[in-house]
Amino acid sequence: RMIVYFIASFLLGNILTAWWVGKLYKTDLRDHRSGNLGARNAGAVIGKSAFLLTFLGDATKGVIVILAGRYLGYPEWAVALGGLLVICGHMFPIWLKGKGGKGIATFVGIGLTFNLLFAIAFSVAFFLVIPFIRSATLSMIFAYLAYIGAVFYFDEVDSAWPIIVAIVLIMYRHRFDFQQSFGEQKWKRSK
């Protein structure tokens, strides 16, 4: 039965909100700007309402998977693995030849639902750093590191390791965004 939960988590991840929001606005987001099927690109191409709809839709996937795993009484590592699989489904959807989103909104849904203390560490780090860095993208690095730090601090690695794997995947998918943002920061300082 746990295998069904894992498969269902991955398949739920395959439902990309940005694709449906694009249909609603008669826009294929894959043909615009970054071509990414995520909230950021939806917002940049269509507008704030598209960003909000996409963000909420993708975050809800993460919430559903964690709550479903808990409802079914699975151990925490299995619930966390469901979280990793929904992110993998979001990033690498079968029906779009593996070209999905980058996983931030889905991670936010998972992060808020899986463990509130880890989510607080993530949020505090993000909001402490952003006034100094003035880049949401680069502030996310500190937020993710704070989340991982909280997992180790509270000695929850045995149960939360799949979420650490998910963070590594998300950061890898954002490597070019980090480079671009870092370059922009250097340019601003040099002016």
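Would you kindly state how much longer the chain becomes between K99 and L11 on full extension, computed as 0.36 nm times their sequence separation minus their alpha carbon distance, in nm to one decimal? If you can, show how the numbers build up before the last one.
Numbers: separation 88, 0.36 × 88 = 31.68 nm, distance 1.44 nm.
Full extension of this stretch gives 30.2 nm more.
Need one number: nm distance between label points at W161 and L24, each 7 Å from Cα along Cα→Cβ, rounded to one decimal.
Going from the W161 label point to the L24 one covers 4.0 nm.
Eigenvalues of the Cα gyration tensor times 5, then square-rooted: what semi-axes does that give for the range 88-133, in whole angstrom, largest first?
Numbers: eigenvalues 149, 42, 4 Å².
That gives 27, 14, 5 Å for the three semi-axes.
Which listed residue (I64, P131, I148) has the Cα farthest towards the positive end of the charge dipole for the chain, taking +1 on Lys and Arg C-beta and -1 on Asp and Glu C-beta about the Cα centre?
Farthest towards the positive pole: P131.
Is the shape of the range 64-140 best called rounded, prolate or oblate, per the rule: a/c under 1.5 gives rounded, else a/b larger than b/c gives prolate, else oblate, with a ≥ b ≥ c the square roots of the Cα gyration tensor eigenvalues? Please report the intermediate quantities before stating the final value.
Numbers: a/c = 3.74, a/b = 1.29, b/c = 2.90.
Verdict is oblate for the range 64-140.
Accessible area per residue of the range 52-164 at 1.4 Å probe, in Å²? Provide the component values of the computation, followed by the final result.
Values: 5270 Å² over 113 residues.
Value returned for the range 52-164: 47 Å² of accessible area per residue.
Quick one: work out Rg over Rh on the C-alpha atoms of the range 91-188, Rh as Kirkwood radius. Working shown, then result.
Numbers: Rg = 14.3 Å, Rh = 14.3 Å.
Value, to two decimals: 1.00.
How high is the FRET efficiency from F154 to L72, r the C-beta distance, R0 35 Å, rounded to 0.05? Walk me through the intermediate numbers first.
Working: r = 24 Å, r/R0 = 0.68.
Between F154 and L72 the formula returns 0.90.
How much of the accessible area of the chain, in percent, comes from carbon and sulfur atoms when a 1.4 Å probe is used? Mind showing how you got there, number by number?
On the way: 7120 of 10340 Å².
On the chain, the fraction of accessible area on carbon and sulfur atoms equals 69 percent.
Report, in whole Å, the centroid distance computed from the Cα atoms of the range 145-162 and the range 47-75.
The range 145-162 and the range 47-75 have Cα centres spaced 21 Å from each other.
Classify the chain: rounded, prolate or oblate, from the alpha-carbon gyration tensor (a ≥ b ≥ c, eigenvalue square roots; a/c under 1.5 rounded; otherwise prolate if a/b is larger than b/c)?
Working: a/c = 2.06, a/b = 1.14, b/c = 1.80.
Because a/c hits 1.5 or more and a/b fails to exceed b/c, the chain counts as oblate.
Work out the length of the dipole vector of the range 1-138 about its Cα centre, built from +1 on the beta-carbon of each Lys and Arg and -1 on the beta-carbon of each Asp and Glu, and round it to the nearest 20 debye. Can you show the working numbers first?
On the way: 13 positive and 4 negative charges, 66 e Å.
Computed about the Cα centre, the dipole is about 320 debye.
Which one of Y25, S49, I3 has its Cα pushed farthest toward the positive end of the charge dipole of the range 1-103, where Lys and Arg give +1 and Asp and Glu give -1 at the Cβ?
Y25
The values are calculated or read from the model by the stated rules, or taken from the named source; none is laboratory data. A quick note: this is a predicted structure, and the numbers were derived from the prediction, not measured. Here Cβ is always computed from backbone atoms with ideal geometry, including for glycine, and neighbour counts include all displayed protein chains. All accessible areas refer to the heavy atoms of the entire protein, side chains included, with ligands and DNA or RNA removed. Shrake-Rupley method; radii C 1.70, N 1.55, O 1.52, S 1.80 Å.
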